[in-house]
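One structure below.
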Amino acid sequence: MKRIVGVELSHQKAPLAIREKISLTNDDVTAALLALKKYTQEVFIISTCNRLAVYAITDDLNPIFEFFREFGPLDPYLSVFDYETAAVRHLFATASGLESQAIGEHEILGQIKKAYALAQEVKSIGPIMDELVRRAISVGKKVRQETAIGQYPVSLASVSCDVLRDGNYDFTKTTVLVLGTGEMSNLVLKIISKKPFSNLYIASRSFRRAQSMENLYHGSKALSMEDIRSILPEVDVIIGATFTNVYVLHKEDFENIEKHIVMIDMGLPRNFDPEIKTLANKRLYDLDDMKAKTDLGMQKRQQEIPKAMIIITDEIADFNFWLNTREVSPLISSYYEKLDTIRDEELKWALPKLGKLDENQQKIIENLISRVTRRVSGKPIERLRHFSQEPHVEKNPIQTFKELFDL
């Protein structure tokens, strides 16, 4: 039976070395949606630095498993949500930030919105998945508005800034280099650009893009990615947040630099060669290290999870009601149309036989018949809506008739 399902590879089960293999560009996601669309009724993909999730309406999970296997033997790292409520709950929890490495982080909502826009563009989602994703976004907003789950700094961007704060830097004597001009870099720059750093460099493979960021963040300096090694001797902090398939900086780039340098690697795939950790006076934080840095704020956010789950549970019930009622709504509309046709036919037969009636008398008769038909049909329609919420319950026909007409 076709149903909503979900399959995900994320930080919950997969280490960083595995997650690196499934970092997809928008073009990759588009190709995946078009491929999976052939085997599913509707399909939606979320691809972030910490997860690759596929939600679909299907009766066969194998095409989704085969999609993940294209990246290697990943089955042990997959989380499978094989029945409707579990898949819906996971998507709502994801949108609320409950499944993020940094619980309650806000970036995931923007990422889901972009994934939604991409799925709409390639027409891989239909009315059910469209409603599901829109509700997920709404639930994510509601959880953040009605709980304190997003009020403690645990996102990758904010935690990277906490690393600087914990280092007791004199910002007026500190030089920072940010690698990349994408979404994560922007999140970091929005926070750190407010500090009075001695120098703030922004490097990009596109110098024009770096210049546009220079104009956006006053006091920063644009730099081509090719030129970053020339300023390494003067840099105190490097934040890597660019998309790349090869390391941007290697161990040998720092072997002749004796000063203490802190590096924060927010990239997936990684921006820094892990061997840099073996060098003296060099401190490299990768995504897994950043997870450890979020523990304190995480504990506070975890206290808000029960409140968030109450909201999510209520929203799941609302979605399930919509989903089940959706199937019976056309039947109810058809029934009402049939009643209206019968009413019109009977009025056409009866009114001429009643002699001359004034406008008010005719209106009373028309309203009377409408009221009778609505009252007679009211209980069956109410019970039919109730039955739609129990799609798997078998009913005895006689008992069903008695329940429909309240006999």
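The values are calculated or read from the model by the stated rules, or taken from the named source; none is laboratory data. Just so it is clear, the structure is predicted and the values come from calculations on it, not from any experiment. Backbone-built Cβ (ideal geometry, glycine too); neighbour counts: all protein chains shown. Accessible surface areas use protein heavy atoms only, side chains included; no ligands, DNA or RNA. Shrake-Rupley method; radii C 1.70, N 1.55, O 1.52, S 1.80 Å.
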Checklist outcome for this item: Charge tally for neighbours of Val5 with beta carbon under 10 Å away, counting Lys, Arg as +1 and Asp, Glu as -1, is -2
Checklist entry - Of the heavy-atom accessible surface of the chain (probe 1.4 angstrom), what whole percent is carbon and sulfur? => result 51 percent
Checklist entry - Quick one: in the chain, what % of C-alpha pairs are over 35 Å apart? => result 45 percent
Next on the checklist: Taking a cut-off of 18 Å, what percent of all Cα-Cα pairs in the range 68-213 are separated by more than that?
Outcome noted: 69 percent
Item to check | Highest-first arrangement of 241-252, 138-149, 41-52, 257-268, where packing means the average Cβ count within 10 Å | outcome: 41-52, 257-268, 138-149, 241-252
Checklist entry - Cα-Cα over 27 Å: which of Lys2/Lys338; Lys173/Lys251; Lys251/Lys291? => result Lys2/Lys338
Checklist entry - Between Asn215 and Ala17, what is the label-to-label distance in nm when each label sits 7 Å out along the Cα-to-Cβ direction? => result 4.5 nm
Checklist outcome for this item: Counting only residues 5 or more apart in sequence or on a different chain, those whose built amide H sits under 5 Å from that of Gly240 are Leu179, Ile264, Asp265, Met266
Checklist entry - In vacuo Debye scattering of the range 118-195, one point per C-alpha: log10 I(q)/I(0) at q = 0.15, 0.21 Å⁻¹? => result -0.77, -1.00
Item to check | Integer Hz, Karplus 6.51/-1.76/1.60 couplings in order for the range 230-238, x for Gly and Pro | outcome: 6, 9, 4, x, 9, 7, 9, 9, 10
Checklist outcome for this item: The set of residues whose placed amide H lies less than 5 Å from the amide H of Ile125, leaving out same-chain residues fewer than 5 positions away, is Val43
Item to check | Surface per residue (accessible, 1.4 Å probe) for the chain, Å² | outcome: 51 Å²
Next on the checklist: At 25 °C and a viscosity of 0.890 mPa s, what translational diffusion coefficient does Stokes-Einstein give for the range 160-301, taking Rh as the Kirkwood radius over Cα pairs? Give it in µm²/s as a whole number.
Outcome noted: 161 µm²/s
Next on the checklist: How large is the Rg to Rh ratio of the range 90-135 when both quantities use alpha carbon positions and Rh follows Kirkwood?
Outcome noted: 1.01
Checklist entry - Which aspartates and glutamates have a Cα less than 18 Å from the Cα of Lys221, not counting those fewer than 8 places away in the same chain? => result Glu234, Asp236
Checklist outcome for this item: About its Cα centre, the range 77-159 carries a charge dipole, from +1 on Lys and Arg Cβ atoms and -1 on Asp and Glu Cβ atoms, whose size in debye to the nearest 20 is 240 debye
